[in-house]
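What follows is calculated from the coordinates using simple rules that are stated; it is not laboratory data. These figures come from a predicted structure and were not determined experimentally. Glycine also receives a Cβ, built like all others from the backbone with ideal geometry; neighbour counts cover every protein chain displayed.
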Amino acid sequence: MVTVDDMNHRILKLLMMDGKMTYREIASKLRRSPSTVRDRIRRMEDYKVVLGYAAIVNNELMGMRSDAIVLANVGDGISVKELRKLHEVDGVMEVLLISGGKRVMVRLHAPDNHTLDNTIASSIMPLGLKDVEVRIVLESVMRFPGV
């Protein structure tokens, strides 16, 4: 078992700000040895405190100019396993079960609003979502720490 003590929290905060930081860079900021930082990070990876590392992509430069939040309810008999099929839909970035009147939230990127609408109608709703509400994201104020 790994303890997420103050030092591990500080390491995690630095990694969340910049996942490409080297052990040496983190060690320098925390005034610890690179081997100590390396061992702590590896232990957090082994115990699944750190699940992985990802690139934060500028969707607009990648041609994805429409960004939406889809809120919906799940039809009768639809399981979480079936909701995972949303992962296969082009443009689906995130699927969350949430509290409130709508129980599912899907984050979706598309080249334009027409494609966005098409994806929702032809690929998302047929998976069993109902009472669908679409919210277009006008501007991302802060999506990730440091970005």
Identify the GluC sites (Glu not before Pro) of the range 1-97 meeting these criteria: DSSP loop state and at most 16 other C-beta atoms within 10 Å of the C-beta. E60
Compute the separation of the alpha-carbon centres of the range 5-71 and the range 73-113 and state it in Å as a whole number. 26
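Express in nm, to one decimal, how much length is gained between K29 and F144 on full extension, taking 0.36 nm for each residue of separation and deducting their alpha carbon distance. Can you show the working numbers first?
On the way: separation 115, 0.36 × 115 = 41.40 nm, distance 2.09 nm.
Here the answer is 39.3 nm.
Rounded to the nearest 20 debye, what is the charge dipole size of the range 12-98 about its Cα centre when +1 sits on each Lys and Arg Cβ and -1 on each Asp and Glu Cβ? Don't skip to the answer; put the middle values down first.
On the way: 15 positive and 12 negative charges, 169 e Å.
Result for the range 12-98 is approximately 820 debye, rounded to the nearest 20.
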Which Cα, out of N73, N58, H109, lies furthest along the positive dipole direction of the chain (beta carbon charges, K/R +1, D/E -1)? N58
Quick check: residue separation of M105 and V49 times 0.36 nm, minus the Cα distance between them. What number comes out in nm? 17.7 nm
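Exactly which trypsin sites (Lys or Arg not before Pro) in the range 38-98 are in a DSSP loop and have at most 15 other Cβ atoms within 10 Å? Intermediate results must be reported in sequence, preceding the final value.
Working: sites: R38, R40, R42, R43, K48, R65, K81, R84, K85; in loops: K48, R65.
Those that pass, being in a loop and sparsely packed, are K48, R65.
Roughly speaking, what is the stretch gain from K20 to S79, that is 0.36 nm per residue apart minus the C-alpha to C-alpha distance, in nm to one decimal?
Values: separation 59, 0.36 × 59 = 21.24 nm, distance 3.67 nm.
Full extension of this stretch gives 17.6 nm more.
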When the label point is put 7 Å from the Cα of L12 along its Cα-to-beta-carbon vector, which residues of the range 111-147 have a backbone N closer than 18 Å? 144-146
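Please label the shape of the range 6-46 as rounded, prolate or oblate, based on the square roots a ≥ b ≥ c of the eigenvalues of the alpha-carbon gyration tensor (a/c under 1.5 means rounded; beyond that, a/b larger than b/c means prolate, else oblate).
Rounded.
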Dipole magnitude (debye, nearest 20) for the range 32-143, charges at Cβ of Lys, Arg, Asp, Glu: 680
Note the count of lysine pairs whose C-alpha atoms are less than 20 angstrom apart in the chain, limited to pairs 8 or more residues apart or on different chains. 9
